[in-house]
Amino acid sequence: MSFTGERKGRLIVFEGIDGTGKSTHIGHLRKYLEEKGLEVVQSFEPTRGRWGRMLRDSAVTGRLSVEEEVALFLKDRREHVKMLIAPALARGAWVLLDRYYLSMMAYQGARGIDPEVIRAANEEFAPVPDAVVWLDIPVSVALERICLLYTSPSPRDRSVSR
């Protein structure tokens, strides 16, 4: 079974390690698309929903087993698709995501789960992206950016690495 929802909109996913500028690039694309009169929905994963909070909390309280992470990511994404992504695509919106199941394939794949199993499990219910923007910078540059983010006085969403 695969995602069968009506899809008039577009799903654009931005991937990369923390500090690559995903949020910055999404903001620029959002502004451009809105200036063209298009509806844009911007989001990120893991979400701030019940399952996403559990994943984010584990970064502070202690890493979960890879099986627990996979289960929570799937629950979080299923809810995200049902409540936000699928309805937005159905009404013709452009959905811009900061991370998606491709990150899960990389991070949980690196912990021993077959990335193809992860992909197949997600594509049973989650729409395949229309485009993926992969941002790649040296880790040293990403770390400098993250350090600046955490030492700057501006209140920004402090996303958690997987």
Task: Nonlocal amide H pairs with Phe125, under 5 Å, H built at 1.01 Å - done: Phe3
- [ ] Only residues of the range 98-134 count here: report those whose backbone N is under 13 Å from the spot 7 Å along Cα→Cβ of Arg63, or say none.
- [x] 107-113
Open item on the list: For Cα pairs less than 8 Å apart in space and 6+ apart in sequence, what is the mean separation divided by the residue count of the chain, i.e. the relative contact order in percent?
Closed with: 43
TODO: Run down the lysines and flag those whose C-alpha is under 22 Å from the C-alpha of Lys82, throwing out any fewer than 8 positions away in its chain.
DONE: Lys8
Task: Ala71-Leu148 FRET efficiency (beta carbon distance; Förster radius 41 Å; 0.05 resolution) - done: 0.75
TODO: Please grab the % of Cα pairs in the range 62-116 that end up more than 14 Å from each other.
DONE: 60
TODO: Pull out a ≥ b ≥ c, the square roots of the eigenvalues of the alpha-carbon gyration tensor of the range 1-85, then state rounded if a/c is under 1.5, prolate if not and a/b is larger than b/c, and oblate in the remaining case.
DONE: oblate
- [ ] Could you name the lysines whose alpha carbon sits less than 16 Å from that of Lys22, not counting residues in the same chain fewer than 8 places away?
- [x] Lys31
Task: Radius, Kirkwood style, for the range 23-162 when every pair of distinct Cα atoms is counted (Å) - done: 16.5
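Bear in mind that the values in this text are calculations on the coordinates, not laboratory data. Quantities reported herein were computed from a predicted structural model and do not represent experimental measurements. Cβ atoms come from the backbone with ideal geometry, glycine included; neighbour counts cover every protein chain shown.
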